[in-house]
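Q: Below you will find the structure I want to go over with you.
The values are calculated or read from the model by the stated rules, or taken from the named source; none is laboratory data. For clarity, every value in this text was computed on a predicted model and none was experimentally measured. Because the Cβ atoms are built from the backbone with ideal geometry, glycine has one as well, and the counts that use them run over all protein chains shown. Only protein heavy atoms, including side chains, enter the accessible area calculation; ligands, DNA and RNA are left aside. Shrake-Rupley method; radii C 1.70, N 1.55, O 1.52, S 1.80 Å.
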Amino acid sequence: MVDQKLIDLARETLLKKTNIAVLTGSGISAESGIPTFRGEDGLWKKYSPEEFGTVPGLLLQFAKNPRRIIEFALNLLEVFTKAQPNPGHIALARLEQKYRKNVTIITQNIDDLHEIAGNTNVLKLHGDLFRLRCIKCGHREKIDREYLENYMKKLRDILSSPLKIVKEGKELLPRCPECGGIMRPDVVFFGEALPQKELSLAYIAVDAAEVMLVIGTSGEVYPANTLPYRAKQNGATVIEVNPQRTIFSDMVDIFIEGKAGEVLPRIIP
Ligand code: OAD
């Protein structure tokens with residue numbers, strides 16, 4: 001049972017301040033049905049990060065067994081296109097819409113749930129599943145759930161016949177409308193650089209923050225995991241919500257042990 005005093009303290013702290021930075025990880029979307037990376041049912045428990053989390057790994061796997069990669073993509077897209085914001089995302093949107101706080105969401109997630117919930121200032125440090133990027137000219141194109149649902153139909157059709165896998169498998173990725181190059185998902189795989197603009201804006205938001213919320217991240221991945229320490233050094237009050245203690249928990253001012261979807265609506269009613 002979460003201590004009501006901690007909830008009250010977190011709420012009072014947030015409501016007194018104006019500039020709020022929020023760092024989120026896969027834990028905030030867990031209650032929306034998207035698996036975390038390192039939990040019991042985590043993505044990296046099911047699929048090795050070397051094979052499925054890097055571009056060379058994926059290309060090698062595709063050459064060896066295209067069906068396996070197409071099924072992986074399909075499974076992932078099915079989960080992300082069905083997911084809906086949970087009460088945790090919705091509470092964070094209330095911080096902006098009801099309480100009129102100056103909120104920057106800095107997320108490591110590639111889903112679209114913060115935006116659907118209603119936060120307007122979302123920095124995606126690890127990219128966006130709902131965006132494509134041309135590997136030749138760098139052109140970016142926003143895509144929506146409908147686009148991905150149609151793409152999933154195409155994947156299912158290809159999977160229905162071994163001949164189609166061989167013939168159409170190579171043309172799975174769409175072409176750039178600007179230069180004809182191959183468009184890839186605009187997400188950050190292991191070993192790839194983070195989008196520099198988002199990272200710079202994240203540092204600016206953290207430096208301006210009077211309070212930082214850290215929600216549903218294990219803190220395993222650099223440089224996102226430096227942000228809570230940076231906020232603390234700058235004098236912000238740091239509040240963490242997580243069902244388990246993390247590398248941040250001894251440093252933060254308030255640690256609330258619990259699920260985002262249960263704790264956040266109590267802090268931000
Ligand atoms: P992890 O899987 O490492 O950590 C998920 C965290 O969420 C853990 O601390 C859980 O205890 C917590 N958690 C689980 N359920 C929760 C709930 N209902 N409410 C709140 N917290 C909950 O995922 P991330 O920290 O997001 O990077 O991982 C960071 C990065 O590692 C990802 O963005 C990804 C991955 O490799 C890239 O793909 C580049």
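Q: Based on DSSP loop calls and a cut-off of at most 15 other Cβ atoms within 10 Å, the longest stretch of the chain free of exposed GluC sites (Glu not before Pro) is what?
A: Of all site-free stretches, the longest is 41-177.
Q: I'd like the antiparallel share, as a percent to the nearest 5, of DSSP beta bridges with both residues in the chain.
A: Of all bridge pairs located within the chain, approximately 30 percent are antiparallel.
Q: Based on Cβ point charges of +1 for Lys and Arg and -1 for Asp and Glu, what charge dipole magnitude is obtained for the chain about its Cα centre, in debye rounded to the nearest 20? Show your work: numbers first, answer last.
A: Working: 36 positive and 34 negative charges, 115 e Å.
Dipole of the chain, to the nearest 20 debye: 560 debye.
Q: Which one of 95, 6, 120 has its Cα pushed farthest toward the positive end of the charge dipole of region 1-155, where Lys and Arg give +1 and Asp and Glu give -1 at the Cβ?
A: 120
Q: Same structure again: Are any of the pairs 142/259; 64/124; 64/136 more than 27 Å apart by Cα-Cα distance, and if so, which?
A: Check vs 27 Å cut-off fails for 142/259; 64/124.
Q: Please report, as a whole percent, how much of the solvent-accessible surface of the chain comes from carbon and sulfur atoms (probe radius 1.4 Å). Walk me through the numbers before you get to the answer.
A: Values: 7280 of 13360 Å².
Of the solvent-accessible surface of the chain, carbon and sulfur hold 54 percent.
Q: For residue 214, which sequence-distant residues (separation of 5 or more, or a different chain) have an amide H within less than 5 Å of its own amide H, given hydrogens modelled in the peptide plane?
A: Those lying under 5 Å, H to H, from residue 214 are 23, 239, 240, 241.
Q: Taking springs between alpha-carbon atoms closer than 10 angstrom, which of 33, 191, 235 fluctuates most in the Gaussian network model of the chain?
A: Ranking 33, 191, 235 by mean-square fluctuation puts 191 first.
Q: So, one more: Amide H neighbours of residue 123 under 5 Å, counting only residues 5+ apart in sequence or on other chains, H built in-plane at 1.01 Å?
A: The answer is 105, 106, 107.
Q: With every protein chain in place, what's the accessible area of residue 2 (1.4 Å probe, Å², nearest 10)?
A: 30 Å²
Q: Continuing with this model, one more query. Need the full-extension length gain, residue 173 to residue 149, defined as separation in residues times 0.36 nm minus the C-alpha distance. One decimal, nm.
A: 7.2 nm
Q: To continue, here is another question. Please compute the per residue accessible area over the chain with all protein chains in place, 1.4 Å probe, rounded to a whole number of Å².
A: Numbers: 13360 Å² over 269 residues.
On a per-residue basis, 50 Å².
Q: Contact order normalised by length for the chain, with contacts defined as Cα pairs under 8 Å and 6 or more residues apart; what percent is it?
A: Reported as a whole number, the value is 26 percent.
Q: Additional query: Among bridges DSSP assigns within region 108-241, what percent are antiparallel (round to 5)?
A: Roughly 65 percent of the beta bridges in region 108-241 run antiparallel, per DSSP.
Q: Moving to a separate point now. Along region 100-113, what does the Karplus equation 6.51 cos²θ - 1.76 cosθ + 1.60 (θ = phi - 60°) give for ³J(HN,Hα), rounded to whole Hz, x for Gly and Pro?
A: 6, 7, 8, 10, 10, 8, 10, 10, 8, 8, 9, 7, 10, 6
Q: Turning to a different aspect of this structure: Report Rg/Rh for the chain, rounded to two decimals, where Rg is the Cα radius of gyration and Rh the Kirkwood radius.
A: 1.00
Q: Taking θ = phi - 60°, what integer Hz values does the Karplus form 6.51 cos²θ - 1.76 cosθ + 1.60 yield along region 225-234, in sequence order, with x for Gly and Pro?
A: So the J values, rounded to whole Hz, are 6, 8, 5, x, 5, 4, 4, 4, 4, 7.
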